[in-house]
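A.B. asks: Attaching a single structure in structure tokens format; questions to follow.
The values are calculated or read from the model by the stated rules, or taken from the named source; none is laboratory data. Because the structure is predicted, anything quoted here is derived from the model rather than measured.
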Amino acid sequence: MHSFLFKKYVGKLQSTDELLESLQTTGSTLGRLKLSQHRLHQDAANKRAAVKFDSSVMRMRKRQMAN
């Protein structure tokens, strides 16, 4: 009977360890996803700024050509 209880207890410990490991892996994955999301937002903002800059340069060149 003691052997059965011991095996059941050890099995629960292993399950708990596996759950903790899974949670840590998930947390790490979420952290990388958040970093990727941040970088994507930054890239999009940089591209919007570049488009505005290019448009300004084009308008300036058109004005210079007209004068």
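A.B. asks: Please work out if K7 is in a helix (DSSP H, G or I) and modelled with pLDDT under 95.
C.D. replies: The answer is yes for K7.
A.B. asks: Would it be correct to say that K34 is at pLDDT below 90, assigned to a helix (DSSP H, G or I) and not hydroxyl-bearing (S, T, Y)?
C.D. replies: No.
A.B. asks: Looking only at the stretch 48-56, decide whether some residue is over 30 Å from the mean Cα position of the chain (by Cα), on the phi < 0 side of the Ramachandran plot and either modelled with pLDDT under 95 or not charged (D, E, K, R) (or both).
C.D. replies: yes
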